[in-house]
Each structure stands twice: as structure tokens, then as C-alpha cells.
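The values are calculated or read from the model by the stated rules, or taken from the named source; none is laboratory data. Computed from a predicted structure; not experimentally measured. Positions of Cβ are backbone-derived with ideal geometry, glycine not excepted, and every protein chain shown enters the neighbour counts.
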Amino acid sequence: MKYDILYEGAFAMLKVHIEQGEAIKAESGAMVSMSPNVDIKGTMDGGLMGGLGRMLTGEKFFFQELRSTRGPAEVLLAPSSIGDVTAVELDGSYSLYVQKDGFLAGTEGIEVGTQMQNLKKGLFSGEGFFIIEIRGKGTVFLSSYGSIHAINLAHGEEVIVDNAHLVAWPGYMNYQIEKASKGWLSSVTSGEGIVCRFRGEGVILIQSRNPAGFGSWIKQFIPNK
């Protein structure tokens, strides 16, 4: 399946070229335009329980499936937030963990499910007890708030990431939730609070903007009653 990521950066859009019989699965409401020979329908991964699990991560219950039934076709998809789009190729050997609202679309062979985190990670990671787990073999398209940046860690290397800036990371990577500073007071007053410490080898995708930070910034311009 051929694709192009248009207008990379704040207002990215995904253009997908599909042949007759091919389909792409996308977040509900992601379709911007499509060729007239494309049939669109709502669908679920994993049945009822799979849909309920995705709702626990903050995702929508249904996906949209766009299938070309009468020759080659073109589909335009866009995320609901202001931000970038990137493609990740999965070979089926590992799962990809993704922040809520991070899944945009995937080719056939990609399955979107959920993974339960332990008590500490569920309470403090900012993602809740369930996170999105993407499995299978194919191409998955992720969206972010802001631009997407890849951090490549060699074996044994570490990096600390603000949890609000996480987009995706491979399931085989080791990570821990911890305070940003040695003490709770310093962590809170620094404006960071909780962070994630990753140890390589692997690639972590982060986003250049923090949705909660933007919400706090814009709140000051909303007049009080």
C-alpha cells in the first residue's frame, strides 16, 4: 500500500492509495475525503471486549474501515488534534505501546488492543491503567499533539521523558515511572512531577507539545462568570 504524509508538522494529513480489494482501518471520524469507489463502514477489533478495552484507554469504541471495491482509490485521513503524523512498520515480532489518541490508521494485518499496566504505572503514568497495544504485521500511522521526534537509544542507554510528551514505544523496552527530582516538593515546583525513565535498546517517539500544558495556557484567556 502506497501512502504520503502531507503538510508535515502542525497540520499533517495522510494520503493513502489503495488497490481494488485493499482496505485501511482508521480512527472513527478520521476520513477527510475518499474516491467514490471506496466503501466505508464501522468495525471493531476484538469484538465487544476489544471495543470496551479501547474505551478504557480513551479511544473510540469503533474504527472505520475503508475498502476499495471497484478499482484503485485514494483516501485522505487526518487526526482530530493539531499535530504531526508518522508511519511505523511492524514486522510482527513485537507490540507497540501508544498513548491515548495516538492511533490514526493501520493497514490490514494491524490489530489495535489494550494492555493493562501495573498499579504504579497506572496511577502515575498519565495514561491510566490501560494503554493502547498495537500488534501484527504492516504499517501503523500515529498522530501527535505537535511534531514527532524519535529518540534512538543504544543498548544500556537511558533517557528521561515527561510522560505527557510520550507518543509510542516498543513493548520490549524497559521503563520506570519516577519523580522528576529527588524530592516530591522539587518535582512539583519544577513543573514536571512524574517522568518515565527508558532504557535502550529501542526507539521512543515523543511529541513536541503537551496537551495539558496547552489547556492550562489557554484557560487564562477564558473569562470567568
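Structure values in brief
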| quantity | calculated |
| --- | --- |
| Extreme residue, surrounded by the fewest Cβ atoms within 10 Å (Cβ to Cβ), among residues of the stretch 209-225 that are within 18 Å of LYS100 (Cβ to Cβ) and of a type outside the set (A, V, I, L, M) | GLY215 |
| Subset of the stretch 191-208 (residues that are among the polar types (S, T, N, Q) and buried (at least 17 other Cβ atoms within 10 Å of the Cβ)) | GLN207 |
| Subset of the stretch 136-160 [part of a strand (DSSP E or B), at pLDDT below 95 and surrounded by fewer than 18 Cβ atoms within 10 Å (Cβ to Cβ)] | ILE160 |
| Residues of the stretch 60-111 satisfying the condition of being among the hydroxyl-bearing types (Ser, Thr, Tyr), assigned to a strand (DSSP E or B) and within 17 Å of ARG209 (Cα to Cα) | THR86 |
| Every residue from the stretch 181-225 that is at pLDDT 65 or above, over 24 Å from the mean Cα position of the chain (by Cα) and basic (Lys, Arg) | LYS219, LYS225 |
| Where a residue in the stretch 11-28 is at positive phi and its partner, wherever it lies, is of a type outside the set (A, V, I, L, M) and at pLDDT below 95, with Cβ under 9 Å and at least six apart | GLY21/THR69 |
| Members of the stretch 123-135 found to be of a type outside the set (Lys, Arg), over 24 Å from GLY9 (Cβ atoms) and at pLDDT 90 or above, listed by number | GLU133 |
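Okay, residues lined up against (1) under 20 Å from GLU111 (Cβ atoms); (2) surrounded by 13 or more Cβ atoms within 10 Å (Cβ to Cβ); (3) at pLDDT below 90:
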{"position": "LYS2", "(1), (2), (3)": "no, no, no"}
{"position": "LYS15", "(1), (2), (3)": "no, yes, no"}
{"position": "SER33", "(1), (2), (3)": "no, no, no"}
{"position": "MET44", "(1), (2), (3)": "yes, yes, yes"}
{"position": "MET49", "(1), (2), (3)": "yes, no, yes"}
{"position": "LEU52", "(1), (2), (3)": "yes, yes, yes"}
{"position": "LEU90", "(1), (2), (3)": "yes, yes, no"}
{"position": "SER93", "(1), (2), (3)": "yes, no, no"}
{"position": "LEU96", "(1), (2), (3)": "yes, yes, no"}
